[in-house]
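Notes for the one structure printed next.
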Amino acid sequence: VQLQASGGGLVQAGGSLRLSCAASGRTFSNNAISWFRQAPGKEREFVAGISWNGGTTHYADSVKGRFTISRDNAKNTVYLQMGSLKPEDTANYLCARGLRSHPSAERSEYTYWGQGTLVTVSS
């Protein structure tokens, strides 16, 4: 499966962006999909994940209440709506397909990764 992330860009602090992760190839509708991010010089970290049917979501504490993950299996697409953005949200955001139907924060639980989309939040 190929994952293509898009929607990143430059935004001022307090602003919003919506990221999309489009899948092609093998279906992903049976698998959890998550967003991770990696800032320069830092470890890749979990941001948000969603179960195969959208019934379960999981967020990192740092984004709870500000970010919302959703999916449309008919369109093979997962979204990350980001609001109240902060400069510390600046990173390359990557989507990944999980091994299981429910999301995990562990990178080892993900087999397919997109190339990422860059989000820059200015102060």
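The values are calculated or read from the model by the stated rules, or taken from the named source; none is laboratory data. It should be emphasised that the depicted structure is a prediction, and the values quoted were computed from it without experimental measurement. Glycine also receives a Cβ, built like all others from the backbone with ideal geometry; neighbour counts cover every protein chain displayed. Each accessible area value is taken on the protein alone, full model and side chains, heavy atoms only, with ligands, DNA and RNA left out. Shrake-Rupley method; radii C 1.70, N 1.55, O 1.52, S 1.80 Å.
May I ask you to derive the FRET efficiency for Ala60 and Thr111 from their Cβ-Cβ distance with R0 = 22 Å, giving the value to the nearest 0.05? Show your work: numbers first, answer last.
Values: r = 21 Å, r/R0 = 0.94.
Efficiency, from the Cβ-Cβ distance: 0.60.
Report in % the part of the accessible area of the stretch 3-123 that belongs to carbon and sulfur, leaving out ligands and nucleic acids; probe 1.4 Å. List each step's numbers first, then the result.
Numbers: 2730 of 5970 Å².
Its accessible area is 46 percent carbon and sulfur atoms.
Let me check I've understood the local charge: for Gln4, count other residues with C-beta under 13 angstrom from its C-beta, Lys and Arg +1, Asp and Glu -1. What total comes out?
+2
Mind ordering 17-24, 39-46 by average Cβ neighbours within 10 Å, highest first?
17-24, 39-46
Mean-square fluctuation check for the chain, GNM, Cα pairs under 10 Å: which of Tyr79, Tyr112, Tyr93 is largest?
Greatest mean-square fluctuation among the candidates belongs to Tyr112.
Residues in the stretch 100-123 near a label at Gln12, defined as backbone nitrogen under 18 Å from the 7 Å Cα→Cβ point?
The answer is 120-123, whose backbone nitrogens lie closer than 18 Å to the label point.
Just the number please: accessible area per residue for the stretch 14-109, 1.4 Å probe, all protein chains included, in Å².
On the way: 4640 Å² over 96 residues.
Result: 48 Å² of accessible area for each residue.
I need to check one value: relative contact order of the chain, counting alpha carbon pairs closer than 8 Å and at least 6 residues apart, in percent.
Dividing the mean separation by the residue count of the chain yields 36 percent.
Rounded, prolate or oblate, given the Cα gyration tensor of the chain, with a/c below 1.5 counting as rounded? Intermediate values should be presented prior to the final figure.
Numbers: a/c = 1.64, a/b = 1.62, b/c = 1.01.
Judged from the Cα gyration tensor, the chain comes out prolate (a/c at least 1.5, a/b above b/c).
Dipole size in debye (nearest 20) for the chain around its Cα centre, Lys and Arg Cβ +1, Asp and Glu Cβ -1?
On the way: 13 positive and 8 negative charges, 44 e Å.
Here the chain has a charge dipole of around 220 debye.
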